[in-house]
Amino acid sequence: MRGRMVLRTIRLGGWDPSVLRELVLAALFLAGALVGHLYAGSCGEEIWTALGRYLSDYCRLYDAGGVETSLASCLVMYFGYGAALFLLGFSAVGVALIPTLSGAFGFFTMYTISCFVRCYGRAGTVLALGALIVRLVFTLPCFLVLAEAAWPLSMELFALSFGRGKRSMPVLYGSRYFLLFLLCAVILAAGIFCERLLTPVLFRAALESI
């Protein structure tokens, strides 16, 4: 009896569609990460030899203080996905491109990690974390939040554009959408500061450990 009452309460409470969208976007990120890992493993030996030399030279220069990520590069790395998501919320094509971006984010993240691991073994995991951990702490949560906010708006635009007259109400962009982007922009700006301050320290510490 008690179990039936609990199930009835769940049915009455309904299912929050935002939770489902977040789960779908997270699943696409993980699927992209899996594809990136498999793709990295399928590369030929010649590619890995060349990549290994490149990473070794990069690590050597970084350790000597000859490599520093420019502010322009940081802006692209931190704000690229967020700005794209925000703009796609105003376009019907975002209904397909937003989940595609989620998979691409996972693909390139895991592909980078897999490259380090393939070239340096277990120590490559430490190097990859030193290079990426600060960025992911800031960009991944902001990505998921902005994607979840932009995706339903893009779906509404898609329904309005291709719904054959079944939908006539305009798509409304409340202040929440713009405030959310502004909040994420502040967080990402703080992430750039931490990136330039902490990532060199973490990466050099990872280099010293191997």
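Okay, here's what the table says:
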{"read-out": "Restricting the stretch 172-199 to residues that are open to solvent by less than 30 Å² (accessible area, probe 1.4 Å) and in contact with a Gly (Cβ under 9 Å, 6 or more places away or on another chain), the residue that is nearest to TYR78 (Cα to Cα)", "value": "LEU188"}
{"read-out": "Helices (runs of 4 or more DSSP H) (entirely within the stretch 1-119) containing at least 1 residues that are modelled with pLDDT of 95 or more", "value": "17-42, 71-88"}
{"read-out": "Yes/no for LEU88 being buried (at least 20 other Cβ atoms within 10 Å of the Cβ) and more than 13 Å from the chain's Cα centre (by Cα)", "value": "yes"}
{"read-out": "Sole residue being under 26 Å from GLY41 (Cα atoms), without any contact (Cβ under 8 Å) to a residue 24 or more places away in the chain and over 16 Å from the mean Cα position of the chain (by Cα), chosen from GLY130, GLY121", "value": "GLY121"}
{"read-out": "Residues located in the stretch 112-152, provided they are of a type in the set (Gly, Ala, Ser) and in contact with a Cys (Cβ under 9 Å, 6 or more places away or on another chain)", "value": "GLY124, ALA128"}
{"read-out": "Yes/no for LEU127 being among the aliphatic types (A, V, I, L, M) and open to solvent by 40 Å² or more (accessible area, probe 1.4 Å)", "value": "no"}
{"read-out": "Test: residue in the stretch 141-153 that is under 30 Å from LEU197 (Cα atoms) and open to solvent by 60 Å² or more (accessible area, probe 1.4 Å)", "value": "yes"}
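The values are calculated or read from the model by the stated rules, or taken from the named source; none is laboratory data. Keep in mind that what you see is a predicted model, and the values were worked out from it rather than measured. Cβ sites come from the backbone with ideal geometry, for glycine too, and all protein chains shown count toward neighbours. Ligands, DNA and RNA are excluded from the accessible area calculation, which covers all protein heavy atoms including side chains. Shrake-Rupley method; radii C 1.70, N 1.55, O 1.52, S 1.80 Å.
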